Each structure stands twice: as structure tokens, then as C-alpha cells.
Amino acid sequence: MSEKLITLSEFLKLRETLPILDARSESEFIQSHIPGALNLPILNDGEREIVGTLYKQEGNESAVLKGFELVGPRFHQIQKEVLLNYPDKKILLYCWRGGMRSQILSWLLGMVGFEVFRLKGGYKTYRTFTYERVRKPYNFIVLGGKTGTGKTVLLKALEDKGEQVVDLEGLAHHRGSSFGGIGQEKQPSVEQFENLLAERLIQLDQIHPIWIENESRNIGKVTLPDGIFQQILTAPIIKISKTEAERITHIEEEYASLPKEELKNAILRLSNKLGGLRTTEALEDLEMGRHRSWIENMLVYYDKTYGFDLNKPIRQHEFSLDLSQIPLSEACQNLLKIKNDINAKSGNQTDTVE
């Protein structure tokens, strides 16, 4: 058997070239895991419950014996599966705390010639790291603006120019509105979202500016870490504006081709806030394919919601930027100019860039 117990820093470096196996049960893995890992349970959910109950009732020895009784008949299947999928015979692996499950999997793989690198402290060590990482201070610049001003498009364009960017909605698989989950992958758990966010942040320079979109505390079912949310509330903000026609066109391009029934359901979820007449009109327009009309109807609600944000205390650095009829490349240049000006600004004021 060839096994090396490694630290988290060693693990993070080795994962660039080696595959990762998670030896925990299916539900543990679904709840959260190290990104890039594949699940190979030593004990599945049902077996884990049996062993856990026995441990509480009769102690460790009975639980261990029961665990081997349950998983033992599958040993050869586990070995064959890993041999088939990883012919190079080098693997990273972990379980919850680096205990018996990862030890057993390491032993099984070592018996068929694998070189195994096992994470000391298991997933718990990694999770402690990501939990702390998303609660550190960062040098954010926030992109704000009404629905349809293309903030995500601007973030992508800035990233293409080499700027540091965190796309919270991309990580959350949700655009942040009643319509935001349509056409998206299933949202991660709050814990897995924090893992994904931490993974993005460790790729960036903590000192230099990081562009991020102005978000509510919740993006769909995902909740932002308090530290990140509070920084979004206080960081320098650039509020983007565009003509209503441009905003409607942008929303139409993103949403008009999505499944009609899901769009209807999103409108109905807002019915209490839209009122009966607006809801009926919006549903009729959607049914008839009058996309600009129902989108315009929705903007009445979303613009009112945005107005509440304007009533919040002004930040130390707050800018307004009109990008109406401005090409994307020029818009980026305007944003970068403001970025360069931010450190020179002081006091509680709002600056307008024409």
C-alpha cells in the first residue's frame, strides 16, 4: 500500500493534476463537497444510518464490524470501478474528518497498486478553510443599476479585459429575481455556494479591486455570507443607467425564449405585488408573444423595488454612470476610469460621469 497523508495546502496543489474521490455518503456529497470531486461512498446513506445507530447503542466495535459486514461484499466492485476510471493509479481522497471511511478506501486502492494522497482532517478541514475565506475583507467595487442594465454582461466584459471579477449569480445558478432560476442549473446548497465562492476568491488578489454585482442577501435560495453582504453594502458602487427601451431589449434577449409555463409561474409569484390588473395584462401579453409589453409591465415592479435601494444611506464612494447607447468596449473604459479614480475620492458624496 502506498499512502501519503497530506495537508490542505498540499491537497489544493495536487488537485490541479490528480482526480479526487469523496468517500462520504450520497447525501453528504450532495449537500456539499470539494469542487471537482467524484462521489464513491464506502457506506451509502442507508448503511451509514445503520452503522451510526449501532454505534450509539452498542459502541465502536459493533459499529465497525457491522460496517465491514455491509461494505465487504462490495470491495472488489469498488476496486474494479476505480481501476477502470483511473488507470494512472494516482488519486486524492477524503471523507468527513479523514477517518475510517477514507482509510478503508485508501487501503482498498493501495491493495491494487494505487498511490493514494489522503487529506488530513478530511472535508471538515477544507470546509473550515472555505468558511473563513468568504468572511475575509476584500476590495470590492460594486456594479449597481436597475433590472436590465446588463450588469452581468459588463462583469464578463471586464473579466475579458483582465479585471478581477466575482459573478455571484453565476455561482448561485440564479439571476436574482422571480424569473432568475428559469433555464438555470439546480442551485447549490448554501454551504456549497460558499465553497464555490471561496474557490473563486482564492484565485484573486485580495488587495486589488474585485468587481462584483450589487445583490440582495438572498440569490434565489442561496444566502450570501454576512461578511460579503456587508461589504457589498458599503463598498464603492457604480450605478449604471440605460434607457428603458434598451433595458427591455436586454431582458427580452435573455428571457423571451425560455419556457412559457415557467415564465407564467414567475409572473404569478409576483401577483400580490403586481396587483390583479397588471398580472392579468402581463399573462395575456406573454401568451400572445408580446414580450416587450409584459416585460415593461414587470419593470414597473422592479423599478419600484430599486427605488427602495436608493433610500439607503449614501456610501463614501458612489458614482452614477449613464451607458445609454454606449458600445460595450467604451462602457468598460468608462468603468475602468472610475476604478482608477476611486482611491482618490473621499467624503460622503455622489459623482456623476457623463
So, in segment 1-29, exactly how many residues are among the aliphatic types (A, V, I, L, M), in a strand (DSSP E or B) and open to solvent by less than 30 Å² (accessible area, probe 1.4 Å)? 3
Check on Gln206, at pLDDT 95 or above and in a loop (DSSP other than H, G, I, E, B): no
Please work out which one of (1) over 17 Å from Ile182 (Cβ atoms); (2) surrounded by 14 or more Cβ atoms within 10 Å (Cβ to Cβ) is the condition Leu277 fails and give its number. (2)
For Ile42, state whether it is in a loop (DSSP other than H, G, I, E, B), under 23 Å from the mean Cα position of the chain (by Cα), crowded, with 16+ Cβ neighbours inside 10 Å and of a type in the set (Val, Ile, Thr). no
Over 30 Å from Val222 (Cβ atoms), of a type in the set (A, V, I, L, M) and either touching a Cys at 6+ places or on another chain (Cβ under 6 Å) or surrounded by fewer than 16 Cβ atoms within 10 Å (Cβ to Cβ) (or both): does that describe Leu83? yes
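Is segment 67-74 home to any residue that is open to solvent by 20 Å² or more (accessible area, probe 1.4 Å) and part of a loop (DSSP other than H, G, I, E, B)?
Filtering segment 67-74 down to residues open to solvent by 20 Å² or more (accessible area, probe 1.4 Å) leaves 68-70, 72-74.
From the residues that got through so far, the ones that are part of a loop (DSSP other than H, G, I, E, B) too are none.
Checked segment 67-74: no residue is open to solvent by 20 Å² or more (accessible area, probe 1.4 Å) and part of a loop (DSSP other than H, G, I, E, B).
Of all residues being without any contact (Cβ under 8 Å) to a residue 24 or more places away in the chain and part of a loop (DSSP other than H, G, I, E, B) in segment 86-122, which is surrounded by the most Cβ atoms within 10 Å (Cβ to Cβ)? Just the residue, please.
So in segment 86-122, the residues without any contact (Cβ under 8 Å) to a residue 24 or more places away in the chain come out as 87-88, 99, 103.
Within this subset, residues satisfying the condition of being part of a loop (DSSP other than H, G, I, E, B) are 87-88, 99.
Working: Pro87: 7, Asp88: 10, Gly99: 13.
In this case the residue turns out to be Gly99.
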Take the residues of segment 296-329 that are surrounded by 11 or more Cβ atoms within 10 Å (Cβ to Cβ) and among the charged types (D, E, K, R): which is modelled with the lowest pLDDT? Asp309
Boolean, Asn214 is among the polar types (S, T, N, Q), open to solvent by 50 Å² or more (accessible area, probe 1.4 Å) and touching a Leu at 6+ places or on another chain (Cβ under 9 Å): no
Exactly one condition in (1) free of Cβ contacts under 8 Å to residues at least 24 places away in the same chain; (2) open to solvent by 40 Å² or more (accessible area, probe 1.4 Å); (3) not basic (Lys, Arg) is false for Phe229; which is it? (2)
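What do you reckon, is Phe117 closer than 23 Å to Ala256 by Cα and touching a Phe, Trp or Tyr at 6+ places or on another chain (Cβ under 9 Å)?
Working: closer than 23 Å to Ala256 by Cα: no; touching a Phe, Trp or Tyr at 6+ places or on another chain (Cβ under 9 Å): yes.
No, not satisfied.
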Find the residue count for segment 235-257, including only residues that are over 15 Å from Gly148 (Cβ atoms) and touching a residue at least 60 places away in the same chain (Cβ under 8 Å). 4
Can you tell me how many residues in segment 147-162 are open to solvent by 10 Å² or more (accessible area, probe 1.4 Å) and either aliphatic (A, V, I, L, M) or more than 24 Å from Glu296 (Cα to Cα) (or both)? 7
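The values are calculated or read from the model by the stated rules, or taken from the named source; none is laboratory data. None of the values given here were measured: they were computed from a predicted structure. Quick reminder, even Gly has a Cβ in these numbers, built from the backbone with ideal geometry, and neighbours come from all protein chains shown. Note: accessible area is taken over every heavy atom of the protein model, side chains too, but ligands, DNA and RNA are not part of it. Shrake-Rupley method; radii C 1.70, N 1.55, O 1.52, S 1.80 Å.
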